[in-house]
Amino acid sequence: MKKTINYCVIGLFFTIQANAQVGIGTSVPNSTLDINGKTTLRKELRVNGTSSQAGSAGLNGQVLVSQGENLPPVWRTITVPFMEEGQYKLINSYLSSDQAGITTLSSGVAGDGIFKNSVNDEITDTSKGKWVKIAGLESNFTIKNAKNRLTYQLQTGAEMKSSSATSSQSISFTCGVFRNGKLVAVRPDKISSNNNTDKAGLQDYIFTLNYTEQNVAIGAQKIEVACRKIETTSNNAQFTVGRNISNSNTESNAFTLESVFKTDVVEYVTYKSN
């Protein structure tokens, strides 16, 4: 039979039962220490102590993790960061590479003569440029949160070979990122060969493009990369993007000029209430 002793000390009501259960704010404690009310902890919380040891207060940044009923909790280091509502979180990264590149803009192909583009230009609209896709860089994913950021990072090599190794020639070109068939990012550039007799008129160049979109519409997204030739000083100059012109030269190969494309999908953190 349990015996209950009630105490009231300067306005604090607590109960001690004969079987060593202590209740604060309750006359019927259900465990060794039962607190019914707010608790303020002014210093460290120590667990797994014994009659001769005070127990562990854990390390800075650790959290207390339950091991289940009748087992003592333990301090654990959490490697996954906590995300607060209102922050942006990296959801996925899509990385692709391609060594096939573009070879159809080489000698005999004139530039399209279009120097300007605008956001939402259609990739199939030849009045806005004759775009050629780098097929291996396509990626597909779904946006689930209307508050988001898409960051595109493109790096690819370009190579030209002058029709005459002793003459100065150049090719203006541009590469862009298309989402669902519409232009979202673009950067024009130029590659030049200036009397490059040491390399038989060959010239290599690294092209980069970085851009961030915000608040892309929810739904399926198809991302593509395409390039086009704007103008050239000689239609007989050879030109490739994302690969070498010929495997017979010793100056480059498809690996050193390959295309690499990365898309980071970052979404706004929100929590649903039950």
Seminar exercise, completed: Applied in sequence order to the stretch 214-231, the curve 6.51 cos²θ - 1.76 cosθ + 1.60 (Karplus, θ = phi - 60°) yields integer Hz couplings, x standing for Gly and Pro, of 10, 6, 5, 4, 4, x, 6, 10, 10, 10, 9, 10, 9, 10, 8, 8, 8, 7
Problem set entry | Formal net charge of residues neighbouring Val225 (Cβ-Cβ distance under 13 Å; K, R +1; D, E -1) | +2
Exercise. Any idea how far apart Leu64 and Asp34 come out in nm if each label point goes 7 Å out from Cα toward Cβ?
Worked result: 2.0 nm
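Gain in length, Thr166 to Lys116, computed as 0.36 nm per residue apart minus the alpha-carbon separation, to one decimal in nm? Don't skip to the end; give the middle numbers.
On the way: separation 50, 0.36 × 50 = 18.00 nm, distance 3.17 nm.
Gain on stretching Thr166 to Lys116: 14.8 nm.
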Exercise. For the chain, which whole-number percentage of the solvent-accessible area (1.4 Å probe, protein heavy atoms only) is attributable to carbon and sulfur atoms?
Worked result: 49 percent
Exercise. Rounded if a/c is under 1.5, else prolate if a/b beats b/c, else oblate: with a ≥ b ≥ c from the C-alpha gyration tensor eigenvalues square-rooted, which is the stretch 112-231?
Worked result: prolate
Exercise. Which lysines have a Cα less than 26 Å from the Cα of Lys161, not counting those fewer than 8 places away in the same chain?
Worked result: Lys116, Lys130, Lys133, Lys190, Lys199, Lys229
For this session: Step through the residues of the stretch 131-141 one at a time and calculate ³J(HN,Hα) from phi using the Karplus curve (6.51 cos²θ - 1.76 cosθ + 1.60, θ = phi - 60°), rounding each to whole Hz and writing x for Gly and Pro.
Result: 7, 10, 7, 9, 4, x, 9, 5, 9, 9, 7
Seminar exercise, completed: Per the 1/(1 + (r/R0)^6) rule, R0 = 35 Å and r from the Cβ atoms of Asn194 and Asn92, FRET efficiency to 0.05 is 0.20
Problem set entry | Charge dipole magnitude, Cβ of K and R +1, D and E -1 - the chain, Cα centre, debye nearest 20 | 940 debye
For this session: At 7 Å along the Cα-to-beta-carbon direction for both Arg42 and Thr126, put a label point, then send me their distance in nm to one decimal.
Result: 8.3 nm
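Between Asn215 and Ser248, what is 0.36 nm times their sequence separation minus the Cα-Cα distance? Round to one decimal in nm. Please list the in-between numbers first.
Details: separation 33, 0.36 × 33 = 11.88 nm, distance 4.71 nm.
Once the chain is fully extended between Asn215 and Ser248, it gains 7.2 nm.
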Problem set entry | Karplus-derived 3J(HN,Hα), 6.51/-1.76/1.60, for each residue of the stretch 93-110, Hz, glycine and proline x | 10, 10, 10, 9, 9, 8, 10, 6, x, 10, 10, 8, 10, 7, 4, x, 10, 6
Seminar exercise, completed: By the C-alpha gyration tensor axes a ≥ b ≥ c (rounded if a/c is under 1.5, else prolate when a/b exceeds b/c, else oblate), the shape of the chain is prolate
Exercise. Which lysines does Lys89 reach when only Cα atoms under 29 Å apart count, and residues fewer than 8 places away in its own chain are ignored?
Worked result: Lys144, Lys147, Lys182, Lys222, Lys262, Lys272
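Sequence gap at least 6, Cα distance under 8 Å: using those rules, report the relative contact order of the stretch 118-274 to the nearest whole percent.
Details: 372 pairs, mean separation 57.1, N = 157.
Over the stretch 118-274, the number comes to 36 percent.
Multiplying the sequence separation of Thr77 and Glu231 by 0.36 nm and subtracting their Cα-Cα distance, what value in nm do you get?
Values: separation 154, 0.36 × 154 = 55.44 nm, distance 5.87 nm.
Extending this stretch completely gives an extra 49.6 nm.
Is the C-alpha gyration tensor of the stretch 153-214 telling us rounded, prolate or oblate? Criteria: a/c under 1.5 is rounded; beyond that, a/b larger than b/c is prolate, otherwise oblate.
Verdict is prolate for the stretch 153-214.
The values are calculated or read from the model by the stated rules, or taken from the named source; none is laboratory data. Remember, predicted model here, so these are calculated numbers, not experimental data. Every residue, glycine among them, receives a Cβ derived from its backbone with ideal geometry; neighbour counts consider all protein chains shown. Just the protein is used for accessible areas: all its heavy atoms, side chains included, with ligands, DNA and RNA removed. Shrake-Rupley method; radii C 1.70, N 1.55, O 1.52, S 1.80 Å.
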